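Participant: Quick one: this structure, given as structure tokens, is what I'll be asking you about.
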Amino acid sequence: MAKKISTPLTKQKTAELRAGEEVLISGVIYSARDMAHKRLTESIARSEPLPIDIEGQIIYFVGPSPAAEGRPAGSAGPTTSSRMDQFSPILLDNGLAGMIGKGYRGDAVINSLIKNTAVHFSAVGGAGALLSKSIVKSEVVAYPELGPEAIHRLEVSDFPAVVAYDSTGASIYERKK
């Protein structure tokens, strides 16, 4: 049975999650893909305030497709997590508690998850239409000029995911040697 969790996440909550555990996430999560991650980390490097408060938050690596009439979001499937590896440690060091994507993470990200008591979730790739049913509200909150890659504030209810990497460094993936 899946564990229900709510955002924002605390270090106590993330420390209790274990690799392989199924979760249903409710609350607010933020969408961000490559360009949004780049802009966030550039703002941090320049000591500028971020357009969203990432403390205790989860970023979902997604660019939702346009919503059908009467729906808050269109298809919302995860993108490949490793594409965000160069940005994730910086965001984790600045308060991010979790990420959602698909696939492997690099050693620098895993070490940063351990250091920051954070987690990485995986969502099922190819199931974007199904995942979008967990989105109850969506609004662009930063970088609207990026179109679908803008940062969206997503309110979710029972968004299904699996803890792919926990705060101890354990993973559902077999480590490459």
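The values are calculated or read from the model by the stated rules, or taken from the named source; none is laboratory data. Everything numeric here is computed off the predicted structure, so don't read it as measured data. Cβ atoms come from the backbone with ideal geometry, glycine included; neighbour counts cover every protein chain shown.
Participant: Have a look at E145, E174, E155 and point out the one that is assigned to a helix (DSSP H, G or I) and either closer than 20 Å to A97 by Cβ or more than 17 Å from the chain's Cα centre (by Cα) (or both).
Facilitator: Going through E145, E174, E155 in turn, just one is assigned to a helix (DSSP H, G or I) and either closer than 20 Å to A97 by Cβ or more than 17 Å from the chain's Cα centre (by Cα) (or both): E145.
Participant: Right, here's the next one. For region 131-142, give me each residue that is in contact with a strand residue (DSSP E or B) (Cβ under 6 Å, 6 or more places away or on another chain) and crowded, with 17+ Cβ neighbours inside 10 Å.
Facilitator: Residues satisfying the conditions are S134, I135, S138, A142.
Participant: Here is a further query. Test E42 against the criterion of being touching a residue at least 24 places away in the same chain (Cβ under 8 Å), surrounded by fewer than 23 Cβ atoms within 10 Å (Cβ to Cβ), among the acidic types (D, E) and closer than 16 Å to L96 by Cα, and give yes or no.
Facilitator: no
Participant: Hey, another quick one. Could you figure out which of (1) part of a loop (DSSP other than H, G, I, E, B); (2) at pLDDT 90 or above; (3) over 21 Å from G27 (Cα atoms); (4) not β-branched (V, I, T) isn't true of P51?
Facilitator: (3)
Participant: Condition test on G63, is it at pLDDT below 95, among the small types (G, A, S), touching a helix residue (DSSP H, G or I) at 6+ places or on another chain (Cβ under 8 Å) and surrounded by 15 or more Cβ atoms within 10 Å (Cβ to Cβ)?
Facilitator: Judged against the criteria, G63 is a match.
Participant: Got a sec? Which of G101, G128, G95 is under 16 Å from Y30 (Cβ atoms) and surrounded by 18 or more Cβ atoms within 10 Å (Cβ to Cβ)?
Facilitator: On inspection, the qualifying residue turns out to be G101.
Participant: Which of the residues belonging to region 77-110 are among the aliphatic types (A, V, I, L, M), without any contact (Cβ under 8 Å) to a residue 60 or more places away in the chain and out of contact with any strand residue (DSSP E or B) (no Cβ under 6 Å at 6 or more places or on another chain)?
Facilitator: Scanning region 77-110 gives M84, I90, L91, L92, L96, A108, V109.
Participant: Please specify each residue of region 66-92 satisfying the condition of being surrounded by 16 or more Cβ atoms within 10 Å (Cβ to Cβ), among the acidic types (D, E) and more than 30 Å from Q12 (Cβ to Cβ).
Facilitator: If the condition is that a residue be surrounded by 16 or more Cβ atoms within 10 Å (Cβ to Cβ), among the acidic types (D, E) and more than 30 Å from Q12 (Cβ to Cβ), then no residue fits.
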